[in-house]
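Visitor: Here you go, one structure.
The values are calculated or read from the model by the stated rules, or taken from the named source; none is laboratory data. Please read all numbers here as calculations on a predicted model, not as lab measurements. Methodologically, a virtual Cβ is constructed for each residue, glycine included, from the backbone with ideal geometry; neighbour enumeration extends over all protein chains shown. All accessible areas refer to the heavy atoms of the entire protein, side chains included, with ligands and DNA or RNA removed. Shrake-Rupley method; radii C 1.70, N 1.55, O 1.52, S 1.80 Å.
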Amino acid sequence: MVKKQATADNLDNIVDTLLDEEVLRFQLTNGLTVIAKENHSAEIVSTQLWVKTGSIHEDRFLGSGISHYVEHMLFKGTDKRDYKKISNDIHAKGANTNAYTTFDRTVYYIDGPNDALEMSLDVLSDIVFHSNIDPLEAANEKSVILREIDMGLDEPSTLLSEGTFKTVYHNHPYKYPVIGIRSIFEGLSRDDLWEYYQKRYSPNNCVLVVVGTFDTPTLLEQIEKYFGSLPMRSLNAPYIATEPLQYAQRSFYQSGDYNLTRGNVVFKTPGLGHDDTPGLRILANAMGEGISSLLWQELREKENIVHSIDTSVWTPVDSGLFWISYSCDPEKRAVAEEGIYRICDQVMQKGFQQSAIDKAIRQAMIGEINTRKTMSGQASQLGSAEVVAGDLGFPRYMLNKLKAVQAGDLQDLAKKYLVLEQSTKAALEPNSVKKASVVVKKPLALPDFEEITLKNGVRVLLQPYFALPKVQLSVVSLGGPLYESVDQRGLTALMSTLLTKDTQKRSALEVAEATENLGINFSEMAGNNTFGFGMEFLPSDLDVSLEILEQALLEPTFLKDTFEIERDGQISSIQMTLDEITSYATLRLRELFFGEYPFRVTSLGTVDALEGMTRDDAAMFYKKLVCADNLAVAVTGSFERDVVLEKLAWLEKIPSTPFQKQTLAFAGPEQGSFEETAESEQAIVLVAYPDVTVTDADFQTGEVLDEITSGMSSKLYSRVREELGLAYFVGSQRVIGTMASMFFFFAGTHPKHAEQVVQEIEAEVARLKRGDISDAEIADSKTHILAQRKMNLQRLGARTLDASLNCLYGLPVNQWRTYDKLVEAVSKDSIQAFAQKYFDDAQKVKLVIGGKTLE
């Protein structure tokens with residue numbers, strides 16, 4: 001009884017701590033609801049404007065996706081600001097913005113430093129309530145969304161979700177995807193947009209949420225300044241069809257060019273405010289959250305039916321779904337479904353032990369904590385309580401209901417809702433039989449990349465593959481910390497961003513418009529060892545895509561204004577990273593482990609170095625790294641080999657300046673144990689050792705070992721999180737380089753448990769050194785690695801990046817052909833040898849960054 005009382009008290013403390021907040025809620029005379037919460041833990045403010053309209057509110061435009069269309073349009077300009085000024089005003093303050101549309105709401109937000117608050121209020125008021133919905137921009141954006149709809153057809157997760165919803169719901173608007181049905185969307189006009197915008201976007205249909213560091217009296221003045229004069233409008237409630245009762249099981253199956261089967265089994269449940277919803281959340285956790293959950297243990301660990309399985313509850317306002325997702329080998333789909341229904345029946349008949357319920361409740365509480373880590377997360381919780389639940393008191397109600405759930409409640413809920421006749425099963429499956437074709441012009445089997453070296457040394461890698469009407473192109477070069485001086489840390493990442501901006505032919509805005517209008521995904525990348533950018537586009541846009549690429553590589557201008565905006569944006573990213581205790585702890589570990597070696601910093605660099613940089617530094621760095629010997633260009637997808645090769649002839653204009661690969665050796669870390677305090681409720685435990693480089697023959701051994709110690713099925717996870725309940729999260733990770741690497745274990749725990757968690761990690765290392773590793777652990781880890789790799793390589797971008805990196809690292813370009821064999825060759829002996837060689841106590845670095853008490 002004492003133990004139960006302690007647990008209850010702890011849960012009470014969690015609820016009180018989470019909700020110990022002073023939240024101001026009031027309405028302006030025009031009906032705009034305002035929610036404000038001061039939080040001075042970081043000099044950050046999240047400003048969010050929630051519009052109570054989504055795809056289910058589209059009335060006569062139902063199924064068109066007009067809500068999502070309007071969301072896009074509101075960033076295109078007002079009478080006060082054009083698209084460029086909207087972006088510049090936000091980025092000039094080091095802030096970032098975005099928006100999203102769901103079934104029942106559309107949310108616009110700006111997150112940034114606290115001195116960006118007034119700008120955020122000004123911009124949000126302007127774009128949300130004063131959009132001019134320019135006809136030309138509307139036409140351009142319509143093309144973009146049409147391509148977005150088409151690209152969704154290539155995403156298995158999107159197809160499975162849409163197939164599930166349209167099968168579950170026959171009448172309710174949830175049957176329509178938020179983005180809309182293509183044929184209905186195509187019929188929308190600018191006048192339709194304006195009509196919908198005028199009807200739904202009024203202050204009395206919106207909620208403004210502000211959380212962060214601010215002065216409340218000043219905030220209220222600013223809100224009145226930017227929102228007070230907006231006129232209230234009459235609101236007509238749109239018709240929303242009700243869903244009739246379901247009397248029989250439903251199913252949706254679709255086959256395609258997939259490697260694995262992905263499936264869902266869903267059951268209808270009530271909406272967010274229903275008394276049964278908290279219990280359903282705990283039921284979902286008990287059934288499918290974590291390695292020790294019932295579904296995972298029975299169907300993955302014991303019966304080896306699925307590769308993954310998890311459970312969640314989707315809870316909008318009026319009705320929801322109890323959602324079980326899984327992946328499995330193609331031939332196991334039917335048995336996986338049978339197993340899921342069998343476990344549901346088992347829960348109805350036998351229920352759960354109270355210990356399983358206690359764990360599920362704890363998981364739910366931890367989840368609630370995690371959603372409130374940032375200002376943005378806290379603002380989102382308040383917005384959801386007001387807009388979705390309809391009352392700011394809902395979080396306390398939900399948390400109190402969660403902690404009160406008992407074992408018998410779950411059994412009753414399972415009997416009430418996990419009913420076969422009210423369920424829907426859906427799956428995407430690989431094509432089981434290839435249909436015969438009269439004339440086979442294109443191979444269906446994925447071919448090798450062909451490696452072609454141009455006269456100046458540029459390496460071009462081509463993989464024509466016509467299964468999907470998409471083309472992916474990646475341009476990758478060696479770079480990163482090894483190539484930067486101490487006062488240039490972060491220059492590689494900054495330069496890679498600038499290469500996607502201004503050129504001699506186009507401004508940054510014109511590059512963005514040219515790509516976005518065609519739905520071309522043009523984005524940069526920068527890591528520990530490399531940098532570059534990728535482009536994904538439809539085959540019909542090949543010419544313009546390559547022309548943009550040519551300008552980016554040959555004629556970047558590094559304009560001063562753009563340089564300063566992007567530099568400040570990168571500094572802001574670093575600062576926001578430092579606000580997250582786990583990210584900050586990992587950065588400190590790198591500093592302590594690598595010492596003065598360049599890998600002490602990430603690709604983002606340091607604030608001091610970035611503040612001292614100029615656009616001339618970026619221009620000179622570009623000349624140093626963008627040269628023929630340091631360039632790999634990979635293309636995969638639907639293209640003709642000779643056509644693309646001819647159109648890439650301009651690559652021979654890239655200077656053949658000699659490129660010197662950096663071979664700076666790392667002597668290894670100095671053994672040390674460090675403790676630091678931080679303004680955090682939790683402690684982060686990190687234990688690091690040397691690791692092999694990316695080209696080392698033991699690299700795959702390290703991958704298998706990492707999987708053994710980092711997955712939810714790992715003994716470390718089961719011991720520390722599930723059995724002892726010491727950590728919120730625990731696992732391992734690698735920082736991989738060409739000349740130096742680090743393998744580290746991590747955990748998030750209560751400060752008083754930090755030393756015990758360290759001891760458990762050290763015990764796990766000792767186990768690995770002894771070779772006390774089961775055949776099942778190794779086999780499961782290999783299976784997971786190879787399954788994840790197969791799923792990853794379905795993406796065009798993953799294939800081009802993999803080939804490019806291999807090329808630059810001196811590895812076989814088509815190593816993906818033999819990768820399975822490399823992983824399968826890893827043995828218990830090789831894992832033990834790896835651990836004995838690299839997990840050397842003389843080179844161990846231990847760091848504990850703790851909360852208010854480090855005991």
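Visitor: Just name one of Leu219, Val207, Asn431: the one whose Cα is farthest towards the positive end of the charge dipole of the chain (beta-carbon charges, Lys/Arg +1, Asp/Glu -1).
Guide: Asn431
Visitor: Determine the dipole magnitude for segment 672-851: charges of +1 sit on the beta-carbon of Lys and Arg, -1 on that of Asp and Glu, nothing else is charged, the reference point is the Cα centre, and the result goes in debye to the nearest 20.
Guide: Values: 19 positive and 26 negative charges, 119 e Å.
It works out to roughly 580 debye.
Visitor: Quick one: what does P(r) look like for segment 497-637 with 5 Å bins over all Cα pairs, in whole %?
Guide: Answer for segment 497-637: a P(r) of 2, 8, 16, 20, 18, 15, 11, 7, 3, 0, 0 percent.
Visitor: Another one. Nearest 20 debye, what's the magnitude of the dipole of segment 21-228 about its Cα centre given +1 on Lys and Arg Cβ and -1 on Asp and Glu Cβ? Please report the intermediate quantities before stating the final value.
Guide: Details: 20 positive and 31 negative charges, 106 e Å.
That gives a dipole near 500 debye.
Visitor: Among Gln682, Tyr819, Thr701, whose Cα projects farthest towards the positive end of the dipole of segment 672-851, with charges put on the beta-carbon of Lys, Arg (+1) and Asp, Glu (-1)?
Guide: Checked the options; the winner is Tyr819.
Visitor: Tell me the GluC sites (Glu not before Pro) within segment 257-315 that lie in a loop according to DSSP and have at most 14 other beta-carbon atoms within 10 Å.
Guide: Values: sites: Glu289, Glu298, Glu301, Glu303; in loops: Glu289, Glu303.
Here the sparse-neighbourhood loop sites are Glu303.
Visitor: Once Lys and Arg get +1 and Asp and Glu get -1 on their Cβ, which of Tyr176, His68, Ala835 lies farthest toward the positive end of the dipole of the chain?
Guide: Among Tyr176, His68, Ala835, the one farthest towards the positive end of the dipole of the chain is Tyr176.
Visitor: Among (1) -0.46, -0.81, -1.24, -1.37; (2) -0.29, -0.60, -1.42, -1.85; (3) -0.61, -0.81, -1.13, -1.22, only one was calculated for this model; which label is it, if the read-out is log10 I(q)/I(0) by the Debye sum over Cα atoms at q = 0.05, 0.07, 0.10, 0.11 Å⁻¹?
Guide: (2)
Visitor: Assuming R0 = 30 Å, what is the FRET efficiency of Gln198 and His170, from their Cβ-Cβ distance, to the nearest 0.05?
Guide: 0.45
Visitor: Could you tell me what percent of the accessible area of segment 450-653 is made up of carbon and sulfur, with a 1.4 Å probe and every protein chain present?
Guide: Values: 3650 of 7490 Å².
Here it works out to 49 percent.
Visitor: Given bins 5 angstrom wide, list per bin the percent of all Cα-Cα distances in segment 348-429, short to long.
Guide: Spelled out bin by bin, segment 348-429 gives 3, 12, 15, 17, 15, 16, 15, 6, 1 percent.
Visitor: Counting other Cβ atoms within 10 Å, which trypsin sites (Lys or Arg not before Pro) in segment 467-575 have at most 15 and lie in a DSSP loop?
Guide: Values: sites: Lys470, Arg489, Lys501, Lys505, Arg506, Lys560, Arg567; in loops: Lys470, Arg489, Lys501, Lys505, Arg506.
Here the trypsin sites (Lys or Arg not before Pro) that fit, given the DSSP loop and packing criteria, are Lys505.
Visitor: Could you give the accessible area per residue of the chain, probe 1.4 Å, as a whole number in Å²?
Guide: Values: 35640 Å² over 855 residues.
Here the per-residue accessible area is 42 Å².
Visitor: In debye to the nearest 20, how big a dipole does the chain give about its Cα centre with +1 on each Lys and Arg Cβ and -1 on each Asp and Glu Cβ?
Guide: Numbers: 86 positive and 119 negative charges, 370 e Å.
Here the chain has a charge dipole of around 1780 debye.
Visitor: At a Förster distance of 22 Å, what's the computed FRET efficiency of Arg342 paired with Ser774, Cβ-Cβ distance as r, to 0.05? Please report the intermediate quantities before stating the final value.
Guide: Values: r = 27 Å, r/R0 = 1.24.
Taking R0 as 22 Å, the efficiency between Arg342 and Ser774 is 0.20.
Visitor: Where does the longest stretch of the chain lie that holds no chymotrypsin sites (Phe, Trp or Tyr not before Pro) found in a DSSP loop with 15 or fewer other Cβ atoms within 10 Å? Could you put the intermediate results ahead of the total?
Guide: On the way: sites that count: Tyr239, Tyr247, Phe466.
Between the exposed loop sites, the longest stretch runs 467-855.
Visitor: Can you send over the carbon and sulfur percentage of the accessible area for segment 672-851, probe radius 1.4 Å, protein chains only?
Guide: Numbers: 3310 of 6890 Å².
Its accessible area is 48 percent carbon and sulfur atoms.
Visitor: Quick one: Cα convex hull volume of segment 254-400, Å³ per residue? Display every interim value, and only then the final one.
Guide: Working: hull volume 20.4 nm³, N = 147.
Given the Cα convex hull of segment 254-400, per-residue volume reads 139 Å³.
Visitor: Considering only protein heavy atoms, with the full assembly of protein chains and a 1.4 angstrom probe, order Asp561, Asp820 by accessible area, largest first. Please report the intermediate quantities before stating the final value.
Guide: Numbers: Asp561 110, Asp820 60 Å².
The residues order as Asp561, Asp820, largest area first.
Visitor: Among residues other than Thr530 whose Cβ falls under 15 Å from its Cβ, what is the net charge (Lys/Arg +1, Asp/Glu -1)?
Guide: Result for the local shell: -1.
Visitor: Could you give the spread of the C-alpha atoms of segment 21-228 along their three principal axes, from largest to smallest, in whole angstroms?
Guide: Extents along the principal axes: 49, 37, 33 Å.
Visitor: Quick one: compute a quarter of the convex hull surface over the Cα atoms of segment 672-851 and quote it in nm².
Guide: 10.9
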